[in-house]
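Enquirer: Quick one: this structure, given as structure tokens, is what I'll be asking you about.
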Amino acid sequence: MRNHRAGTALLVSALVVGIGAAAPAAHAEPGGVRLVVGFRSGDGLDGVTHRLSTAAGLRFKGTQRLAAKLRARTLTVPAGDVARVSAKLRADANVAFVEVNRQVSKLDVTPDDTHFAEQSQLGQIHVPAAWDTTTGAASTVVAVVDTGVTVADDLVGATLPGWDFVNDDADPADDEGHGSEVASVIAARGNNGAGMAGICWQCRILPVKVLDSTGLGFDDDVADGIVYAADHGAKVINLSLGGPGGASRLLQMATDYARSKGAVVIAAAGNDALPQINYPAGNAGVIGVGGTDASGNRFVVNVPGVGNVGSNYGASWVDVAAPFCTLAQNPLAQDPAEEYDTFCGTSASTPLVSGVAALVKSHDPAANPWSVEHALTATAQPLTGNWVKYGEIRADKAVLLPVDHTRPTVGGTTPANMTKFRGTLTVSATGVSDNAGGSGLDHASLYADGKFVGSDYSAPFAVKFNSGSRNGTVKLQWKVFDRAGNVTTDNRNVVADNLAPALKWTSGPANNKRVKGKVTVKASASDKGSGVLRVELWINGKLAQWDTRAAYKFVVNTAKYGKKIKVQLRARDKVGNVRSLSTRTWKR
């Protein structure tokens, strides 16, 4: 949604209050100027201040904390008497210093761009205050997946080579205007004495054209654009597009791919003033953006003949909000006076959020998608009406929210080191915690000899490892991830033994031999893996005897059985592998 109007350019001079700025003048209060007096010793402070205040004809003030902790008091003197009183106080041997109680101010940055005075929406979401921390970084790439981007004026030097998926060529120029407006909100070069200031004015734009000259496109091109953006280094992907009709599996897959490459995906909620879910904003892993008015309420207006126009809503899928209207640059404007004009819709709200996300990423390049999303959502200003989950973004708080760089801890893992096993082994990670970092556990992945085995997404973590036909030492490694992307590894070795023991008869009646009375059977067995647990003698399909010590010996009373006796030897090792010899039949 776009609203054009002719505007008068206003010249705004740059003002940066902070390090290197001139010291502020003494602040006159009712009754005069406040001075701060520091004393050399806290002993007898009350008596000293009483004497000095009596001599000066003034009363010392200030909190007990200042007096007790810093040995300082304040007093207010007439503006014309500051020099005389200061000199009198400094002459006292008990006075360490006298200084003017300065007035300080917020450290917002006000760029000198000629249209900045018209960008009041940036103040609404506290962007100028965030600029005191960062104005972005060239290493932070924001993809504008839209109608393309035409490079002119404030976008000169802001863009990278991109791609046009509509015409399948390397010229993603804008033939509609929408994508250029989105790009300008995010990264118009700021503090350059002309035009407007983008939120992340030192970031770079990756133009990806997926919508045609009428602003229409298809899911497959959008998905292609998302994947292209992720593959070309974009860490924020702006989607000021979408529509109803149900979730697209293709777009969900593209979103998942982008997130796996470290990108945050941000999409517009739509402008129908309805609770219907628009996609891709409603897809999992996408930050859905609604629009607010100047008071922070959901933007909605009634247009005669059209009906309500405004932000779609629903706390189940609209995550954050930003102003519905803002200033933007449209290089395709017919009238040069309208090149910088009002841009309305959640298409405008979305790049406001993307720009703040880019500031967060610029301030801490190690921030992963969860950390950037958490910075946006955890610091958002809650709004009434239950139409948005977290609230309206606050750029200054978002960029200063600490990113979790602390690795999780692992209390223990099972089985123990060098455990011997056969077949499938359950490997567990217990006592896993992320309390020190605070972002919370995400998942744990198990690797065997460097190859991925599987993952578990709920603690305590456990993954089954099938050793197949392996024999010998297996190097197991847990990788435990928190949501901020920090990872802890835990290594241990286990021994796979999938080889049955060696076993042979050493004495005893052969197959089909006649027997009577008591018969002795002897066997030998060995196992190089876990060792022999026991050798068993089975008669007529039932376990009759076993022996745990070599040499293995069994005495069979054949009188207890019928005319045919079926006899089998089995050797079992300590992890459960079994070797069985062919059954012998004895006749009685």
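Enquirer: Before we move on, is Ala500 part of a loop (DSSP other than H, G, I, E, B) and aliphatic (A, V, I, L, M)?
Expert: Yes: the conditions hold for Ala500.
Enquirer: Select from region 426-453 the residues that are aliphatic (A, V, I, L, M) and surrounded by 15 or more Cβ atoms within 10 Å (Cβ to Cβ) and list them in ascending order.
Expert: Across region 426-453, the qualifying residues are Val427, Ala429, Val432, Leu441, Ala444, Leu446, Ala448, Val453.
Enquirer: Phe218 passes all but one of (1) crowded, with 24+ Cβ neighbours inside 10 Å; (2) without any contact (Cβ under 8 Å) to a residue 40 or more places away in the chain; which number fails?
Expert: (1)
Enquirer: When you go through (1) over 30 Å from Ala367 (Cα atoms); (2) surrounded by fewer than 17 Cβ atoms within 10 Å (Cβ to Cβ); (3) assigned by TED's automatic domain parsing to the domain that holds Val427 one by one for Val487, which number turns out not to apply?
Expert: Against the list (1) over 30 Å from Ala367 (Cα atoms); (2) surrounded by fewer than 17 Cβ atoms within 10 Å (Cβ to Cβ); (3) assigned by TED's automatic domain parsing to the domain that holds Val427, Val487 comes up short only on (1).
Enquirer: Identify all residues within region 241-263 that are surrounded by fewer than 15 Cβ atoms within 10 Å (Cβ to Cβ), over 19 Å from Leu216 (Cα atoms) and either touching a helix residue (DSSP H, G or I) at 6+ places or on another chain (Cβ under 7 Å) or hydrophobic (A, V, I, L, M, F, W, C) (or both); write none if there are none.
Expert: If the condition is that a residue be surrounded by fewer than 15 Cβ atoms within 10 Å (Cβ to Cβ), over 19 Å from Leu216 (Cα atoms) and either touching a helix residue (DSSP H, G or I) at 6+ places or on another chain (Cβ under 7 Å) or hydrophobic (A, V, I, L, M, F, W, C) (or both), then Met253 is the only one that fits.
Enquirer: Could you check Lys389 against (1) in a helix (DSSP H, G or I); (2) in contact with an Asp or Glu (Cβ under 6 Å, 6 or more places away or on another chain) and say which number it fails?
Expert: (1)
Enquirer: Find all pairs meeting these conditions: Cβ atoms under 7 angstrom apart; at least six residues apart or on different chains; first residue within region 450-468 and in a strand (DSSP E or B); second residue aromatic (Phe, Trp, Tyr) and surrounded by 13 or more Cβ atoms within 10 Å (Cβ to Cβ).
Expert: Close Cβ pairs satisfying both conditions: Val453/Tyr447; Val453/Phe465.
Enquirer: Something else now. Tally up the residues in region 392-447 that are basic (Lys, Arg), in a loop (DSSP other than H, G, I, E, B) and under 30 Å from Val127 (Cα atoms), please.
Expert: Matching residues across region 392-447 total 1.
Residues are listed down the side, and each one gets a yes or a no for (1) surrounded by 17 or more Cβ atoms within 10 Å (Cβ to Cβ); (2) touching a Lys or Arg at 6+ places or on another chain (Cβ under 6 Å); (3) of a type outside the set (S, T, N, Q):
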{"residue": "Ala130", "(1), (2), (3)": "yes, no, yes"}
{"residue": "Thr135", "(1), (2), (3)": "yes, no, no"}
{"residue": "Ala152", "(1), (2), (3)": "no, no, yes"}
{"residue": "Val166", "(1), (2), (3)": "yes, yes, yes"}
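Enquirer: Let me ask something additional. Before we move on, is Glu176 in contact (Cβ under 8 Å) with a residue 12 or more places away in the chain, assigned by TED's automatic domain parsing to the domain that holds Pro323, under 15 Å from Ala328 (Cβ atoms) and not in a loop (DSSP other than H, G, I, E, B)?
Expert: Considered against the rule, which asks whether it is in contact (Cβ under 8 Å) with a residue 12 or more places away in the chain, assigned by TED's automatic domain parsing to the domain that holds Pro323, under 15 Å from Ala328 (Cβ atoms) and not in a loop (DSSP other than H, G, I, E, B), Glu176 comes out as no.
Enquirer: Follow-up. So, in region 238-264, of the ones that are in contact (Cβ under 8 Å) with a residue 60 or more places away in the chain and of a type in the set (A, V, I, L, M, F, W, C), which residue ends up farthest from Val141 (Cα to Cα)?
Expert: Leu241
Enquirer: Is it true that Asn302 is without any contact (Cβ under 8 Å) to a residue 12 or more places away in the chain, over 14 Å from Gln121 (Cβ atoms) and in contact with a strand residue (DSSP E or B) (Cβ under 6 Å, 6 or more places away or on another chain)?
Expert: Spelling it out, Asn302 is indeed without any contact (Cβ under 8 Å) to a residue 12 or more places away in the chain, over 14 Å from Gln121 (Cβ atoms) and in contact with a strand residue (DSSP E or B) (Cβ under 6 Å, 6 or more places away or on another chain).
Enquirer: Here's a check for you: in region 202-213, which residue that is crowded, with 24+ Cβ neighbours inside 10 Å and not aliphatic (A, V, I, L, M) is farthest from Tyr228 (Cα to Cα)?
Expert: Among those residues, the one meeting the criterion is Cys203.
Enquirer: When you scan region 284-311, how many residues do you find that are in contact with a helix residue (DSSP H, G or I) (Cβ under 7 Å, 6 or more places away or on another chain) and surrounded by 24 or more Cβ atoms within 10 Å (Cβ to Cβ)?
Expert: So the count comes out to 6.
Enquirer: Considering only region 255-280, how many residues are within 22 Å of Tyr228 (Cβ to Cβ) and over 18 Å from the mean Cα position of the chain (by Cα)? Before the answer, list the steps.
Expert: At the first step, the residues of region 255-280 found to be within 22 Å of Tyr228 (Cβ to Cβ) are 255-268, 279-280.
Narrowing the set further to residues that are over 18 Å from the mean Cα position of the chain (by Cα) leaves 268, 279-280.
Qualifying residue count for the region: 3.
The values are calculated or read from the model by the stated rules, or taken from the named source; none is laboratory data. Remember, predicted model here, so these are calculated numbers, not experimental data. Methodologically, a virtual Cβ is constructed for each residue, glycine included, from the backbone with ideal geometry; neighbour enumeration extends over all protein chains shown.
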